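Visitor: Pasting a structure below so you can have a look.
The values are calculated or read from the model by the stated rules, or taken from the named source; none is laboratory data. Here the structure is a predicted model, which means the values were calculated and not measured. FYI the Cβ positions are ideal-geometry reconstructions off the backbone, even for glycines, and counts take in every protein chain you see. Side chains included, ligands, DNA and RNA excluded: accessible areas come from the protein's heavy atoms. Shrake-Rupley method; radii C 1.70, N 1.55, O 1.52, S 1.80 Å.
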Amino acid sequence: MKRVIVLLSVVLLAVATDVDAQKVKNLALTPPMGWNSWNHFGCNITEEVIRETADAMVTSGMRDAGYLYVNVDDCWHGERDENGFIQADPERFPSGMKALADYVHSKGLKLGLYSDAGWTTCAGKPGSRGHEYQDALSYARWGVDYLKYDWCDTGGLNAEGAYQTMGRALAAAGRPVVFSLCEWGNNQPWEWAGEIGHLWRTTGDIAACWDCEMDHGDWSSWGVLRILDLQGGLRIHAGPGHWNDPDMMEVGNGMSESEDRGHFSMWAMLAAPLIAGNDLRTMSAATRSILTNREVIAIDQDPLGIQGFKYSNDGDLEIWFKPLADEDWAMCILNRGASSQEVEFSWQYEAVADEFSGRDTLFKARLYRIQDLWTGDDLGTTRQKLVADVPGHDVLLVRLVRLLEVDE
Ligand code: GLA
């Protein structure tokens, strides 16, 4: 009898776990890559813009460099129909979302949509509150692959509960969807969202500037450095399938080329989702070459999925490290200031160890080849000290490739 009870409890437990199961586990094992309409277009989106963006994703080489999701942000919504099902805006998206998903899929890409846990979205469109299961079903029927879920107009709602409800609705609808939480870090999602979603915003909105605060009245958006400075302490919560999201990128949206390079490099060091936010149809060659730098993308997409950390700072200079697979490391020297700085780094005297990952560079015992990821130059090995000039608002980003044969 006892054995039967034990067996029964095991079965019940298995069923309970299954009912609870929500997040698809084998998605976003590296930080999601793609594009989102908001940073450049705001509410000015149409199905032509999204289709042309999907085309540009292919012709620019971005798809082949790893960008996969084409994400439509706020303002695609029309009204709910008489049964409560959400419809696409008939003027902006006359062919509907199923046709758009089919088009995006035909390009070898995936489609993302945006909704909100509250009654209305941040732009005042219908939110999913009270319609979560219905909306998730519509997304699945249309063939949506990614959902960004915002936090406007949620007065009185519990964040964990609200995101869990949509997570369960997506699971019940049965289509694998990357679930991107966007509650701006207000309720410390890194503490509870790992089982619910695949990525969560850690801060308020980004702005296309290096180090500014843009005051919008009752809220502010933040430049690249401001967002970067808010990531401290969060890296222990990130890993394959669950990422900190410091917001979509502003590369190509008006900063200087060196600032764009610095922004992209630091997002790679943070193992951040690489969601481009510029107009891919008209981007310059310089923007394209930043966004498609495969060596830098490889730092972001490293299979270990370990977020980098700040090792030291001295005035305007910060030195960051990120452990990589095969015992390699990425190192990024960030110059926050406007004037060029000379840097010297004597590897043998630096103890770069990471308690979180248990990794140690062991510079005294190990030799690395130094590869400059922006120029492609070989900068020698860690036997000689590194001497470099880092221009203002820019970085030196290198990969330290471990050499197994040390010929001394
Ligand atoms: C919020 C989000 C942004 C964007 C807008 C859309 O501000 O944080 O990323 O989705 O809403 O209205």
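Visitor: Roughly how much of F85 is accessible, in Å² to the nearest 10, using a 1.4 Å probe?
Guide: 50 Å²
Visitor: With point charges of +1 on the Cβ of Lys and Arg and -1 on the Cβ of Asp and Glu, referenced to the Cα centre of the range 132-222, which listed residue (G217, P176, Y163) lies farthest in the positive direction of the dipole?
Guide: P176
Visitor: Taking the Cα centre of the range 244-380 as the origin, how large is its charge dipole in debye, to the nearest 20, when only Lys and Arg (+1) and Asp and Glu (-1) carry charge on their Cβ atoms? Please list the in-between numbers first.
Guide: Numbers: 11 positive and 25 negative charges, 45 e Å.
For this selection, approximately 220 debye.
Visitor: Among P90, P126, P273, which one shows the highest mean-square fluctuation when the chain is modelled as a Gaussian network with alpha-carbon springs under 10 Å?
Guide: For the chain, modelled as a Gaussian network with Cα springs under 10 Å, the answer is P90.
Visitor: How much length would be gained if the chain were fully extended between D218 and V58, taking 0.36 nm per residue of separation minus their Cα-Cα distance, in nm to one decimal? Spell out each step's value before the answer.
Guide: Working: separation 160, 0.36 × 160 = 57.60 nm, distance 3.92 nm.
Full extension of this stretch gives 53.7 nm more.
Visitor: On to the next question. Hey, got the dipole for the range 132-188? About the Cα centre, +1 on K and R Cβ, -1 on D and E Cβ, debye to the nearest 20? Could you put the intermediate results ahead of the total?
Guide: Working: 4 positive and 7 negative charges, 51 e Å.
With Lys and Arg at +1 and Asp and Glu at -1, about 240 debye.
Visitor: Which lysines, on any chain, are close to K385 with Cα under 22 Å apart, when same-chain ones fewer than 8 places away are left out?
Guide: K310, K322, K364
Visitor: Using protein chains only and a probe of 1.4 angstrom, how many square angstrom of D326 are accessible, to the nearest 10?
Guide: Its accessible surface works out to 130 Å², give or take rounding.
Visitor: Between G239 and residues 5 or more places away or on another chain, which pairs have amide H atoms under 5 Å apart, with H built 1.01 Å from N, and which residues are they?
Guide: So G239 has HN proximity to N244.
Visitor: I'd like the chymotrypsin sites (Phe, Trp or Tyr not before Pro) in the range 140-246 restricted to DSSP loop residues with at most 11 other Cβ atoms within 10 Å, sorted by number. Let's see the in-between values first.
Guide: Numbers: sites: W142, Y146, Y149, W151, Y163, F179, W184, W190, W192, W200, W210, W219, W222, W243; in loops: W151, W184, W210, W219.
In loop regions of the range 140-246 (DSSP not H, G, I, E or B), the sparsely surrounded chymotrypsin sites (Phe, Trp or Tyr not before Pro) are W219.
Visitor: Let me check against my output: what whole-number percent is the relative contact order of the range 357-408, with C-alpha pairs under 8 Å and at least 6 apart? Write down the numbers at each step before the final one.
Guide: Values: 55 pairs, mean separation 22.1, N = 52.
In percent, rounded to a whole number, it is 42.
Visitor: So, one more: Stick to Cα atoms and the Kirkwood definition of Rh, then tell me Rg/Rh for the chain.
Guide: Radius of gyration relative to Kirkwood radius: 1.01.
Visitor: Report the residues of the range 114-154 in range of a label on Q87: point 7 Å along Cα→C-beta, backbone N strictly under 17 Å from it.
Guide: Those under the cut-off are 125-127, 135, 138-139, 142.
Visitor: Okay, moving on. How many angstrom lie between the C-alpha centres of the range 35-109 and the range 125-140?
Guide: The two parts, judged by their Cα centres, are 17 Å apart.
Visitor: Charges only on Cβ, +1 for Lys and Arg, -1 for Asp and Glu: so what's the dipole of the chain about the Cα centre, in debye to the nearest 20?
Guide: Values: 35 positive and 61 negative charges, 310 e Å.
About 1480 debye.
Visitor: With no other cysteine's Cβ closer than 4.7 Å, which Cys residues of the chain count as lacking a disulfide-compatible partner?
Guide: Singleton cysteines: C182, C332.
Visitor: Filter the GluC sites (Glu not before Pro) in the range 60-140 to those in DSSP coil with at most 14 other Cβ atoms within 10 Å of their Cβ, and list the result.
Guide: Numbers: sites: E79, E82, E91, E132; in loops: E82, E91.
Sites meeting the loop and neighbour criteria: E82, E91.
Visitor: In whole angstrom, note down how far apart the Cα centers of the range 244-303 and the range 335-369 are.
Guide: Cα centroid of the range 244-303 versus Cα centroid of the range 335-369: 23 Å apart.
Visitor: Shifting gears a bit: Simple spin-label model, 7 Å along Cα-to-Cβ: T282 to T381 in nm?
Guide: Once both label points are built, they end up 5.1 nm from each other.
Visitor: Then there is this: Assuming 1.567 mPa s and 4 °C, estimate D for the range 336-408 with Stokes-Einstein, Rh taken as the Kirkwood radius over Cα pairs, in µm²/s. All intermediate terms of the calculation are to be shown ahead of the outcome.
Guide: Working: Rh = 13.6 Å.
Once the numbers are plugged in, D ends up at 96 µm²/s.
Visitor: If I take R0 = 30 Å and measure r between the Cβ atoms of L29 and D102 in this structure, what FRET efficiency does the formula 1/(1 + (r/R0)^6) give, to the nearest 0.05?
Guide: On the way: r = 26 Å, r/R0 = 0.87.
Using R0 = 30 Å, I get an efficiency of 0.70.
Visitor: If the elastic network links every pair of Cα atoms under 10 Å, which of T282, T120, T30 fluctuates the most in the Gaussian network model of the chain?
Guide: The residue with the greatest mean-square fluctuation here is T282.
Visitor: With helices defined as uninterrupted DSSP H runs, which ones in the chain have an alpha carbon span along their own long axis of at least 20 Å and mean Kyte-Doolittle hydropathy of at least 1.0? Before the final figure, lay out each step's value.
Guide: Working: long enough: 2-20 (27 Å, 1.66); 159-173 (21 Å, 0.15).
For the chain, where a helix must reach 20 Å along its axis and average at least 1.0, the hits are 2-20.
Visitor: Specify the residue with the greatest mean-square fluctuation among Q301, Q341, Q134, computed from a Gaussian network of the chain linking alpha-carbon atoms under 10 Å apart.
Guide: Q341
Visitor: Of all DSSP beta bridges located in the chain, what percent are antiparallel, nearest 5? Display every interim value, and only then the final one.
Guide: Numbers: 41 of 65 bridges.
Around 65 percent antiparallel, to the nearest 5.
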